1. Give segment 416-431 a look and list any residue that's loosely packed, with under 14 Cβ neighbours inside 10 Å, in contact (Cβ under 8 Å) with a residue 24 or more places away in the chain and farther than 18 Å from Ile489 by Cβ, or say none.
2. Among the residues of segment 240-255, are any surrounded by 11 or more Cβ atoms within 10 Å (Cβ to Cβ) and within 17 Å of Thr194 (Cβ to Cβ)?
3. Given the residues Val448, Val417, which is the only one that is within 33 Å of the chain's Cα centre (by Cα), under 28 Å from Asp363 (Cα atoms) and not polar (S, T, N, Q)?
4. Looking at Asn246, is it in contact with a strand residue (DSSP E or B) (Cβ under 8 Å, 6 or more places away or on another chain) and farther than 28 Å from Tyr406 by Cβ?
5. So Leu74 fits all but one of (1) outside the structural domain of Glu166 (by TED's automatic domain parsing); (2) surrounded by 11 or more Cβ atoms within 10 Å (Cβ to Cβ); (3) not charged (D, E, K, R); what number is the exception?
6. Is it the case, given these coordinates, that Phe497 is free of Cβ contacts under 8 Å to residues at least 40 places away in the same chain, surrounded by 13 or more Cβ atoms within 10 Å (Cβ to Cβ) and among the aromatic types (Phe, Trp, Tyr)?
7. Would you please list the contacts, defined by Cβ atoms under 7 Å and residues six or more apart or on different chains, that run from a residue in segment 259-272 that is assigned to a loop (DSSP other than H, G, I, E, B) to a residue that is hydroxyl-bearing (Ser, Thr, Tyr) and surrounded by 12 or more Cβ atoms within 10 Å (Cβ to Cβ)?
8. For Ile495, are the conditions met, namely being assigned to a strand (DSSP E or B) and closer than 22 Å to Asp383 by Cα?
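The values are calculated or read from the model by the stated rules, or taken from the named source; none is laboratory data. What you see is a predicted model; the values in this text were computed from it and never measured. So basically every Cβ, Gly included, is an ideal-geometry build from the backbone, and we count neighbours across all protein chains shown.
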Amino acid sequence: MENAPNPVRRVNLPCKLAASIFFYLSACGAESQTISNAEFFFDTDPGIGNGTAIVISPADPITFTSTINSTGLLPGYHFLFIRTQSSDGYWSLYEPKQFFIQQSITEAEYFFDTDPGIGLGTDIPVTPFFDSGAFISTISTSGLIPGYHFLFVRTKDESNQWSLHEPEQFFIRQSVTAAEYFFDTDPGLGLGTTITVTPTLDQLSFTTSVPTSSLTPGEHFIFVRTQNEAGKWSMSEPQGFYIRVNIATAEYFIDTDPGLGSGIPLAIPTPDDLVAINPTITIGALPNGPHFLFLRTRDATGKWSLYEPQSFVVDDTLPIGLLSFDAKATDDHHVRLTWTTATEINNDYFTAEHSKDGINFTDVVRVKGAGNSNTEKQYSTLDRHPLHGMNYYRLKQTDNSGQSSYSKIISVEMGKVPGLSIYPNPVFEDWFVDFSGMDDNERLTVEVFDLTGRKCLEEKATGGALLQLSRNGFSRGIYLLHIKSGGGIFFVQKIAFY
């Protein structure tokens, strides 16, 4: 009975052209029914019961594999339709599946730059294959002039239809046959000093010795260019360099420049363009406070350098002559502290101290002093746990009697802590402290304080963890986040809660 309610509801069809097809069919909505017949057709419905029969064994549900022949179909897109009939004579709706009939590619050709016409290119031998594939062919470029070109490839199918051509740009290179150099001023193409090269394609590398004995001291430029087999010269490539002169004399002065050549002379052991000296500087009866030491040199041509300043502090309350005290951030988020003394009297030890506000200081490390010395001494130590943001340092000197004095206060600003991030800021809901980039063995404590100093939160974590924290319990306002490790607080940041 045609056009009856559909008793078959499910067709699961992965279709392959002229191949075995797997089916799962089920009669739904009717009791004691089985699927007794099945048929298929392509593209146009011939009418119920007029399709090509599919042999099945009546059942419900049924699973079968069938080979469906597509012979006679034209190349292009098609639809396969399948329907079934139940044991009481009702036909299902059909289930469509789209597929494509491919054509074989039978010929291929190529041409360079200009199209000679379809079928008039250079033949590429190919074995016929379906409409997508890959082949390898050696294509000669002899006869092409140096420069940019286009290669075009197109194919023909079994119905003699040619494809659009596919372009590929390439470059015909030329050999470099000559090279030359000159200094500062161009003498003209081909008039530079010849560099011996072995002809090669348009890239080459070579090593050559270039004499500079005729150049005057100072800054110069060397230019190199090459010539190709067609006789064309490249652009010249400049490289700056400097002809140095030996340092002949040196002098220093403190605070005020007495004029070139009027400073206190320093001995140069052996004239050279780079010298190292370790002089003893007499500071005389300078008043207490900060001062500057200036050093400059004169070369063999009589030219004076700019001077090099170095700050130091004179404090006769200290049993040391402190020439310098500096703090610099390192790449691994530490602070390197260095200081230099000119003299030391009964000096027991130094204590490097740290502060987050420049007022309240704590000890960082103790360094043994030289006792008594009238020669320059250099010291260095490391603060491994500086804070995020501004850090303040001072040097405490303690003598053998236990008396202490302090240096000036210096500061250094630290950027982000590697492997640590806090977000979002400001906080509206949950917020996160991410330690994912830090050492898994690091034991960490997160603390949050309000501006009165009251601790509002404390959480423990380890390196590599992502700590999720709640907004609940915080009033609207600004708070201070502290992060501590075994070495103490190493990160301080303001957090805003809204």
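1. Asn425, Pro426, Phe428, Glu429, Asp430
2. no
3. After applying the criteria, what remains is Val417.
4. So Asn246 passes the test.
5. Condition (2) is where Leu74 drops out.
6. no
7. Gly263/Tyr252; Ile268/Thr249
8. no
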